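The values are calculated or read from the model by the stated rules, or taken from the named source; none is laboratory data. Bear in mind that the values here come from a model prediction, so they are computed numbers and not experimental data. So basically every Cβ, Gly included, is an ideal-geometry build from the backbone, and we count neighbours across all protein chains shown.
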Amino acid sequence: IASVCGSNLVGVYNIHDGSFTQNNITSLFDDIKTEDRKYASCITTDHIRGHIIVGTSRNVGSLFIFDKNLKFIRALKLPEVIKWSRDILYHKGVLLICDFGGRCAYAVTMDTSKTEAELLYELPKPDIDGEIWCPFSICADRAGLYTSCGISEQFLGKCIITQHSQDGQQLLTTKRTEDTARCMTSLMTEKGEKLVATSRSGKILCYSLMPE
């Protein structure tokens with residue numbers, strides 16, 4: 001299990017022996033010029049290649065890639081349209097990014113032999129209440145359906161969950177939530193797959209996932 005926090009500590013927890021390894025990656029930001037605070041904002045893993053991918057804060061414009069032992073591999077420059085990687089998900093060979101600064105979710109290439117990622121497409125936006133919904137968190141269920149969380153730019157406590165098709169290019173459903181969902185993941189239980197989200201008020205929200 002890989003984790004990251006705003007103090008730039010990237011960690012790997014071994015569920016088999018209980019060991020924990022962490023690495024401070026602050027020095028990787030030294031050559032990046034921005035007036036904004038520079039920090040690691042999110043994390044995802046490529047289980048096939050054994051890579052750990054770390055997203056970064058506003059206007060940093062790069063991802064950092066490590067191996068499973070937290071050895072740094074390379075930085076990957078993001079397309080300029082992406083301003084702030086609030087959450088990322090490696091899924092079926094592409095990287096999905098919740099760009100909180102640009103208020104969009106994107107899919108980009110994930111080729112570690114190159115130094116720059118290429119923009120593939122933008123995920124369709126929800127059209128509800130005339131609001132501009134900002135993607136906050138993204139995950140996938142076992143069928144490969146993308147599920148992202150949006151929050152209005154005014155931070156009024158409004159929140160919806162959106163479900164996209166397997167390729168991320170069709171918006172299938174939207175659901176209003178009774179609380180501000182901040183971070184989501186899918187979870188397999190004895191009663192089927194669930195979508196679990198934490199909220200700003202400290203609650204844990206749980207939703208049943210229906211097959212496409």
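Among the residues of region 106-124, just one is surrounded by 17 or more Cβ atoms within 10 Å (Cβ to Cβ) and over 19 Å from Asp46 (Cβ atoms), namely Leu123. Of all the criteria given as (1) loosely packed, with under 13 Cβ neighbours inside 10 Å; (2) modelled with pLDDT under 90, the one not satisfied by Asp67 is (2). Which residues, counting only those in region 86-108, are within 8 Å of Pro135 (Cβ to Cβ) and either part of a strand (DSSP E or B) or among the acidic types (Asp, Glu) (or both)? Hits for region 86-108 are Arg86, Asp87, Cys98, Asp99, Cys104, Ala105.
Take Gly50 and tell me if it is touching a Cys at 6+ places or on another chain (Cβ under 6 Å) and in the same structural domain as Lys114 (by TED's automatic domain parsing).
Working: touching a Cys at 6+ places or on another chain (Cβ under 6 Å): no; in the same structural domain as Lys114 (by TED's automatic domain parsing): yes.
So Gly50 does not fit the description; no.
Do we have any residue at all in region 115-125 that's among the hydroxyl-bearing types (Ser, Thr, Tyr), at pLDDT below 80 and under 22 Å from Val81 (Cβ atoms)? Among the residues of region 115-125, not one is among the hydroxyl-bearing types (Ser, Thr, Tyr), at pLDDT below 80 and under 22 Å from Val81 (Cβ atoms), which makes the answer no. The residues of region 31-84 that are part of a loop (DSSP other than H, G, I, E, B) and touching a helix residue (DSSP H, G or I) at 6+ places or on another chain (Cβ under 6 Å) amount to a single one, Lys38. Residues in region 109-138 that are part of a strand (DSSP E or B) and small (Gly, Ala, Ser): Ser137 only. Checking each residue in region 125-141 for being surrounded by 21 or more Cβ atoms within 10 Å (Cβ to Cβ), of a type in the set (A, V, I, L, M, F, W, C) and touching a Phe, Trp or Tyr at 6+ places or on another chain (Cβ under 9 Å) picks out Cys134, Phe136, Ile138, Cys139. The single condition among (1) surrounded by 18 or more Cβ atoms within 10 Å (Cβ to Cβ); (2) in a strand (DSSP E or B) that Gly11 does not satisfy is (1).
Within region 1-39, the set of residues being at pLDDT 90 or above and under 16 Å from the mean Cα position of the chain (by Cα) comprises just one member, Val10.
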